[in-house]
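For reference, the structure is listed below as structure tokens.
What follows is calculated from the coordinates using simple rules that are stated; it is not laboratory data. Computed from a predicted model, the values in this text were never measured in an experiment. Ideal geometry is used to build each Cβ from the backbone, glycine not excepted, and the neighbour counts take in all protein chains shown.
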Amino acid sequence: MPATYPYFMLSQEDILYIENLPAEDSLRLISEKFSEGAVFSTSLGQEDQVITDMIFRNQLHIKVFTLDTGRLFYEHYELLSQNNARYKTKTEVYFPDAQDVEKYVNEKGINAFFHSVENRKECCYIRKVKPLNRALEGAKIWITGLRSEQSENRENMKMIEWDTEKKLFKFNPLIHWTYQDVLDYIKTNNVQDLPLHKKGFISVGCKPCTRAITEGENPRAGRWFWEESQKECGLHSK
């Protein structure tokens, strides 16, 4: 927690109470405590579809947005359109700065991210991190669909933590859910998800940077599959 407490600070009692609520109830409470400034970033993956359903079905006061990197699968756009139609709402879309993309592509090449980890991280920074920072302007709590099972980097993440860099709370309501919990919710509530998941694409990012995984592989193994790294783009790095 920060040394200087902002006016919207959650107490330790608040945090403990929220952490022991079912995910749907915890989201409802967060929307009440942060009637302004609660935002949810969706990548349209299965975990994010679960949270999207909880937010829109209960008409919670939480802003929902997504990042269009310009290199997504066609299925992402179809699902985004289906979400808007089903819930009779609109998910806000943030794009990378055109000049940033043009400079990167013209100087390094359209697929320069294959050539080095540094190039790949720069591409992620331009297409994801910078648009995310714009989307989080004025936010007090940032909701994500992270789960501890997804990667070693996420194993020790807490349900609610203070992001010192962004100066807001980060809330991960599904952090302790298993993948089976996610699948059960999707089936029970008839939640739409990407057809790619049934083809082995468990964690889906940009099209050229994602492959299907084989049985037994880590869910993040299909991301930036040509490199040895923590399999993070910079959005959720510790």
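Below, the figures for the structure above:
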item	result
Among beta bridges that DSSP assigns inside the range 12-195, antiparallel share in %, nearest 5	25
Gain in span if fully extended, residue 228 to residue 9, counting 0.36 nm per residue against the direct Cα distance	75.0 nm
Net +/- balance of residues flanking residue 52 in space, Cβ distance below 14 Å, scoring K and R +1, D and E -1	-1
Two-site label geometry, residue 167 and residue 100: point separation in nm, points 7 Å out along Cα→Cβ	2.0
Principal axis dimensions, largest first and in whole angstrom, of the chain by Cα	50, 42, 35
Local electrostatic count, residue 195, Cβ distance below 12 Å [Lys/Arg +1, Asp/Glu -1]	-1
Charge tally in the Cβ shell below 13 Å around residue 67, where Lys, Arg are +1 and Asp, Glu are -1, residue 67 excluded	+1
Whichever lysines have a C-alpha closer than 29 Å to that of residue 166, once near sequence neighbours (fewer than 8 apart) are set aside	33, 63, 90, 103, 121, 128, 130, 140, 158, 207, 231, 238
Helix-derived mean residue ellipticity, 222 nm - over the chain, DSSP H n ≥ 4, -39500 (n - 2.57), to 500	-10000 deg cm²/dmol
Top of 88, 170, 121 by mean-square fluctuation, Gaussian network on the chain, Cα under 10 Å	88
Label-point separation in nm, residue 158 to residue 184, each point 7 Å along Cα→Cβ	2.7
